[in-house]
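The values are calculated or read from the model by the stated rules, or taken from the named source; none is laboratory data. Model, not experiment: these values are computed from the prediction. Here Cβ is always computed from backbone atoms with ideal geometry, including for glycine, and neighbour counts include all displayed protein chains. Side chains included, ligands, DNA and RNA excluded: accessible areas come from the protein's heavy atoms. Shrake-Rupley method; radii C 1.70, N 1.55, O 1.52, S 1.80 Å.
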Amino acid sequence: MSADPARTGRTGLPLMTLPGVYAPQHDTRLLMAALNREGIGSGTEVLDVGTGSGALALHAALLGARVTAVDVARRAVATARLNALLHRRRITVQRGDLLSAVPERSYDLVVCNPPYVPSPLDRLPGHGAARAWDAGRDGRAVLDRVCEAAPAALRPGGRLLLVHSGLCDGEATVRRLSDAGLRARVSDRALVPLGPVLRSRLRWLRDAGLMGAADTAEELVVIRAERL
């Protein structure tokens with residue numbers, strides 16, 4: 001177990017991560033900034049889908065929300081529970097596959113940092129650290145499932161905040177969510193250095209036409225969608 005050098009939003013509290021659990025990175029911090037604008041308070045019920053280390057769940061709890069967090073990975077569930085305990089925040093952490101972990105429940109805010117990295121493999125990993133980022137050849141294997149399931153998890157006026165790489169086509173996400181009846185838009189964009197996973201498959205990404213020969217950074221996008 002190691003202390004990740006990333007810090008949780010406004011408080012600067014350190015997080016712990018078990019081996020193989022996704023540690024907070026640029027995408028986590030971009031979603032934290034988006035969370036800060038949502039007027040979260042003591043009456044807000046938040047669902048963190050694919051919680052990983054629990055960083056976003058903890059951040060929402062620090063803002064005063066009542067938080068449920070879900071992840072399919074046992075180590076992620078253990079890590080999120082550990083971080084909630086270390087920082088004395090009451091967060092309900094459940095193991096399950098995306099929103100199927102909380103059937104027939106609805107929330108004021110759903111936040112999700114899903115696997116979204118395009119992979120040369122069609123098959124999604126069933127275990128190991130790569131399960132936190134590999135998402136099929138177009139990077140949308142998990143994203144599209146979230147877009148399909150999210151509307152049913154939102155109360156009237158509820159919001160979805162979803163982060164992913166620009167390699168996965170942010171406008172496609174907006175269209176899917178709009179077709180599902182939500183008012184959706186790209187709310188945030190950020191250019192970040194290529195991480196080790198993208199660097200390791202850079203040749204394949206270029207051959208697949210997902211990145212240009214001169215590209216040295218990745219665009220991250222946050223999609224904000226609201227149920228009317």
Accessible area per residue in Å² at 1.4 Å probe, computed on segment 85-204: 52
Could you give the spread of the C-alpha atoms of segment 1-133 along their three principal axes, from largest to smallest, in whole angstroms? 42, 36, 24
In whole percent, and with a 1.4 Å probe on the protein chains, what portion of the accessible area of the chain is carbon and sulfur? 50
Sites R105 and V197 - FRET efficiency at Förster radius 30 Å, r taken between beta-carbons, to 0.05: 0.40
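Let a ≥ b ≥ c be the square roots of the eigenvalues of the Cα gyration tensor of the chain; is it rounded (a/c under 1.5), or, if not, prolate (a/b larger than b/c) or oblate? Spell out each step's value before the answer.
Details: a/c = 1.58, a/b = 1.22, b/c = 1.30.
The shape class here is oblate.
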